[in-house]
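For reference, the structure discussed in these notes is given below.
The values are calculated or read from the model by the stated rules, or taken from the named source; none is laboratory data. What you are looking at is a predicted structure, and each value in this text was computed from that prediction instead of being measured. Here the Cβ positions follow ideal geometry from the backbone for every residue, glycine too, while neighbour counts run over all protein chains shown.
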Amino acid sequence: MKGSNILMAYPDSWIYLLTENAISRVKYTETEHYAVTREFLNRHEAMLKKLLEEDRGQERDL
């Protein structure tokens, strides 16, 4: 997932989703980048807690 939310949100921008089977044009609000950013902004405390717990778990596995 690479890209810039600001550039992708630019009026009249065209965004293409590339998968193994097709290339399709999608709306900004249909992108994974948008969904992840929106989820983080709406639930940043819970998401940070989960991310930090996962990071600590990986350190213990080393």
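Would you check which residues across the range 28-38 are in a helix (DSSP H, G or I) and either more than 26 Å from residue 51 (Cβ to Cβ) or in contact (Cβ under 8 Å) with a residue 24 or more places away in the chain (or both) and list them?
32, 33, 34, 36, 37
Can you name the residue in the range 1-27 that is part of a helix (DSSP H, G or I) and surrounded by 11 or more Cβ atoms within 10 Å (Cβ to Cβ) and is also modelled with the highest pLDDT among such residues?
My answer is 8.
Looking only at residues that are exposed (fewer than 12 other Cβ atoms within 10 Å of the Cβ) and among the charged types (D, E, K, R) in the range 28-49, which one is modelled with the highest pLDDT?
Filtering the range 28-49 for residues that are exposed (fewer than 12 other Cβ atoms within 10 Å of the Cβ) and among the charged types (D, E, K, R), the one modelled with the highest pLDDT comes out as 45.
I'm told residue 58 meets every condition in (1) modelled with pLDDT of 95 or more; (2) surrounded by fewer than 10 Cβ atoms within 10 Å (Cβ to Cβ) except one. Can you identify the failing condition by its number?
(1)
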